[in-house]
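The structure appears below as structure tokens.
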Amino acid sequence: MTPPAADPDFATLATACRQLELELTQAQYDNLVRYTQLLRDWNQRINLVSRRDTDRILSYHIIDSLAVQRLVPQGARVCDIGSGAGLPGLPLAIVRSDIEVLLVEASQKRGQFLRTAVAELGLADVEVVNERAESLPPLKCDVVLSRLSGPLRDAVRYANPHRKPTGTVVLYKTRGCSTELSKAARQLARGRLRVAGSHDVLLPICNVPRRFIVLGSAR
């Protein structure tokens, strides 16, 4: 499958993935390109990603989604809270056949896109949960992901109930999130959470800095 001119080819994306500790296959690349095209097609009808971002779905959004994979254990049950266009859950599911992925998305239109994408990409271990995260019973996941989904305090409130006691919440943030973390101290204490780690990544290809905040049970 040949990608649009603006998209990285297989060799370029495979090299980027190696920097993220992933070995990308041609079949996985083809599925990522297929997902990208689906997203572009649907984005003309419903708001999935910013219109100015449609030329950098593979070079930014998918790279950003895959950058978290080193924080996802083998065989994990993973929840993507506020999944939207399926980022980061769908790219992770494409390259990590060992994990189970739940895409939690409140919007019915976006949920329809996610169900279509899961079916067309043949992702057997992905489930779309078309409900508000706060209305669901605990999903008991090993890793709960929240990517660019608003203030840290809100992300914690929605994500933490779906984490196993031994699991983690992983937040996509920027390097300037220290103040936000300080403001969320009470929320973390109420949820019996602590900052278990902070990981900085310079995303390959797009050179965007990303900071992952990992939250776990307080001792």
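Separation of segment 191-211 from segment 32-95 is 17 Å, based on Cα centroids.
Between L71 and Q44, the FRET efficiency from the beta-carbon distance, with R0 = 35 Å, is close to 0.55.
Suppose R0 equals 35 Å. What FRET efficiency, 1/(1 + (r/R0)^6) with r the Cβ-Cβ distance, do R18 and S182 give to the nearest 0.05? E between R18 and S182, to the nearest 0.05, is 0.45.
Neighbour counting of Cβ atoms within 10 Å sorts the residues T25, T179, fewest neighbours leading, into T179, T25.
Using a Gaussian network for the chain with springs between C-alpha atoms less than 10 Å apart, which of these wobbles most: P161, P137, P151? Comparing P161, P137, P151 in the GNM, the peak value goes to P137. Note on the chain: helix-only mean residue ellipticity at 222 nm, from DSSP H runs of 4+ residues weighted -39500 (n - 2.57) and normalised by residue number, equals -9500 deg cm²/dmol.
For R192 and D154, the difference between the fully extended length at 0.36 nm per residue and the C-alpha to C-alpha distance is 12.2 nm.
Its Cα centre serving as origin, segment 63-217 has a Cβ charge dipole (Lys and Arg +1, Asp and Glu -1) of approximately 720 debye. Remark: relative contact order (segment 63-217) = 20 percent; criterion is Cα-Cα distance under 8 angstrom and separation of 6 or more residues. Remark on L193: its backbone amide H falls under 5 Å from those of A218, a criterion applied only to residues 5 or more positions apart or on other chains, H modelled at 1.01 Å from N. Percent antiparallel among DSSP beta bridges with both residues in the chain, to the nearest 5? Antiparallel: roughly 45 percent of the beta bridges in the chain. A viscosity of 1.306 mPa s and a temperature of 10 °C, combined with the Kirkwood radius over Cα pairs in Stokes-Einstein, give a translational diffusion coefficient for segment 63-217 of 102 µm²/s. Ranking G167, A196, I94 by how far each Cα lies toward the positive end of the dipole of segment 63-217 (charges on Cβ) leaves A196 at the top. When segment 96-139 is described by a simple charge dipole with +1 on each Lys and Arg Cβ and -1 on each Asp and Glu Cβ, the residue from G122, S107, S135 located farthest towards its positive end is S107. With a sphere of radius 14 Å drawn around the Cβ of V126, what net charge do the other residues whose Cβ falls strictly inside it have (Lys, Arg +1; Asp, Glu -1)? With Lys, Arg at +1 and Asp, Glu at -1, the neighbours total -4. Each of S146, S97, S135 has some number of other Cβ atoms within 10 Å of its Cβ, and from fewest to most they run S135, S97, S146. In this structure the amide hydrogen of C141, modeled in the peptide plane, comes within under 5 Å of the amide hydrogens of R163, K164, none closer than 5 places in sequence on its chain. Of the GluC sites (Glu not before Pro) in segment 106-190, the ones in a loop by DSSP (not H, G, I, E or B) with at most 16 other beta carbons within 10 Å are E131.
Read-outs: derived from the displayed coordinates by stated rules, not from any lab. Since the structure is predicted, the reported quantities are computational estimates derived from the model, not experimental observations. Note: ideal-geometry Cβ built from the backbone for every residue, glycine included; neighbour counts use all protein chains shown.
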